[in-house]
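Colleague: One structure follows; several queries about it will come next.
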Amino acid sequence: MQLGDERESQNVEDRRGQGFLPGGGGLKLGGGLGTIAIVLIALFFGVDPRALLNLAPDSQQTQQAPMPQPRGAGGGSGGGGGEDAQGRFVAQVLASTEDAWTEVFRQHGKQYQSPRLVLFSGATRSDCGTAQTATGPFFCPRDDKVYLDTDFFAEMQNRLGAGGDFARAYVIAHEVGHHVQMLVGIMDRVDQLKARTGDDGSGANGLSVRVELQADCLAGVWANRANSAKHILEHGDIEQGLNAASAIGDDRLQRRSQGYVEPDSFTHGSSAQRVRWFKRGLDAGQIEQCDTFSTDQL
């Protein structure tokens, strides 16, 4: 990716090196599946983490995060420092999503509100529970923040074979896509639908797949818009993104982690589906092309 001297977002909180205060509720790890790779696969990419790891967060409990200093453009604070390459890359990609989505919302007569992105190391607090390196990046709708330990990028490359700048940018853009879904009301509607599903979880899983595939498509919309505006993509970047989308499909990850595939337990979509919807957004650059809820052809 050609980010060069592109601006860095002011909406990055650098909590790296601040440590973690124990206590409170949050996500309690259990179940004995101890490797980082399996937890990464479970929570961020492929399988329902509560089924695999016996997680039991209190859905009504929120926690107060530490009060970090925001990491500004060209500088920053916190243990990670302001000049590190990974931190600067994340801030530039986040700024790129801000520019792209501001324009998309403007074209639809709306105002875009940017999320904050929390960089951390090891563990930190979120209003959705404890964020840990092993759980991978995620978006928390309760505090409207994306949580990311950049060590996850090494896990992506080394364990999942999904390396490269654009693969990392795709991860950030996917989580920002969940923020966009929250802004336009999709998250609330999905939560209402999930509340009406049966206890077997199959209906909720199906809705989760549509949510995740839509976030993939929205990541593609960002890439299209950002490249049209500033020509950030280089030769091979698209292949990196498609490879990342394929590497994190439920079918591929389940086969890798447990040796067989259970389609009824999918929460993010198959490799083919994730590639298809990411490419759809990338090709079209239009949010209207990301309607995963009114089609039977995922």
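No lab work stands behind these numbers, since they all come straight from the coordinates. Note that this is a predicted model, so its numbers are computed, not measured. No Cβ is skipped: glycine too gets one built from the backbone with ideal geometry, and neighbour counts run over all protein chains shown.
Colleague: Looking at segment 127-134, can you tell me whether even one residue there is within 21 Å of residue 188 (Cα to Cα), under 15 Å from the mean Cα position of the chain (by Cα) and touching a residue at least 24 places away in the same chain (Cβ under 8 Å)?
Modeller: Yes.
Colleague: Restricting attention to segment 99-126, which residues are basic (Lys, Arg) and more than 23 Å from residue 190 (Cβ to Cβ)?
Modeller: 106, 125
Colleague: Does segment 182-201 contain at least one residue that is assigned to a helix (DSSP H, G or I), surrounded by 22 or more Cβ atoms within 10 Å (Cβ to Cβ), under 14 Å from the mean Cα position of the chain (by Cα) and not small (Gly, Ala, Ser)?
Modeller: Among the residues of segment 182-201, not one is assigned to a helix (DSSP H, G or I), surrounded by 22 or more Cβ atoms within 10 Å (Cβ to Cβ), under 14 Å from the mean Cα position of the chain (by Cα) and not small (Gly, Ala, Ser), which makes the answer no.
Colleague: Right, another one. Need the failing condition index for residue 159 against (1) free of Cβ contacts under 8 Å to residues at least 40 places away in the same chain; (2) surrounded by fewer than 17 Cβ atoms within 10 Å (Cβ to Cβ); (3) not small (Gly, Ala, Ser), just the number.
Modeller: Checking residue 159 against (1) free of Cβ contacts under 8 Å to residues at least 40 places away in the same chain; (2) surrounded by fewer than 17 Cβ atoms within 10 Å (Cβ to Cβ); (3) not small (Gly, Ala, Ser), the one that fails is (1).
Colleague: So which residues in segment 98-112 are part of a loop (DSSP other than H, G, I, E, B) and surrounded by 21 or more Cβ atoms within 10 Å (Cβ to Cβ), if there are any at all?
Modeller: none
Colleague: I'm trying to understand the selection: among the residues of segment 258-277, which are over 17 Å from residue 219 (Cβ atoms) and surrounded by fewer than 20 Cβ atoms within 10 Å (Cβ to Cβ)?
Modeller: 258, 259, 260, 261, 262, 263, 264, 265, listed by residue number.
Colleague: Now for a separate question. Among the strands (runs of 3 or more DSSP E) confined wholly to segment 113-161, which include 1 or more residues that are among the aliphatic types (A, V, I, L, M)?
Modeller: Hits in segment 113-161: 116-119, 123-126, 129-132, 145-148.
Rundown of residues vs (1) without any contact (Cβ under 8 Å) to a residue 12 or more places away in the chain; (2) touching a helix residue (DSSP H, G or I) at 6+ places or on another chain (Cβ under 8 Å); (3) at positive phi, yes/no style:
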site: 104; (1), (2), (3): no, yes, no
site: 136; (1), (2), (3): no, yes, yes
site: 149; (1), (2), (3): no, yes, no
site: 189; (1), (2), (3): yes, no, no
site: 214; (1), (2), (3): no, yes, no
site: 219; (1), (2), (3): no, yes, no
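Colleague: Quick check on my filter: what residues within segment 281-293 are over 18 Å from the mean Cα position of the chain (by Cα) and either crowded, with 18+ Cβ neighbours inside 10 Å or over 13 Å from residue 209 (Cα atoms) (or both)?
Modeller: Across segment 281-293, the qualifying residues are 283, 284, 285, 286, 288, 289.
Colleague: Determine which member of the set 249, 241, 236 is in contact (Cβ under 8 Å) with a residue 40 or more places away in the chain and touching a Lys or Arg at 6+ places or on another chain (Cβ under 6 Å).
Modeller: After ruling out the rest, the residue left standing is 249.
Colleague: I would also like to ask the following. Any idea how many residues of segment 256-298 are aromatic (Phe, Trp, Tyr) and farther than 20 Å from residue 175 by Cβ?
Modeller: Final tally of qualifying residues: 1.
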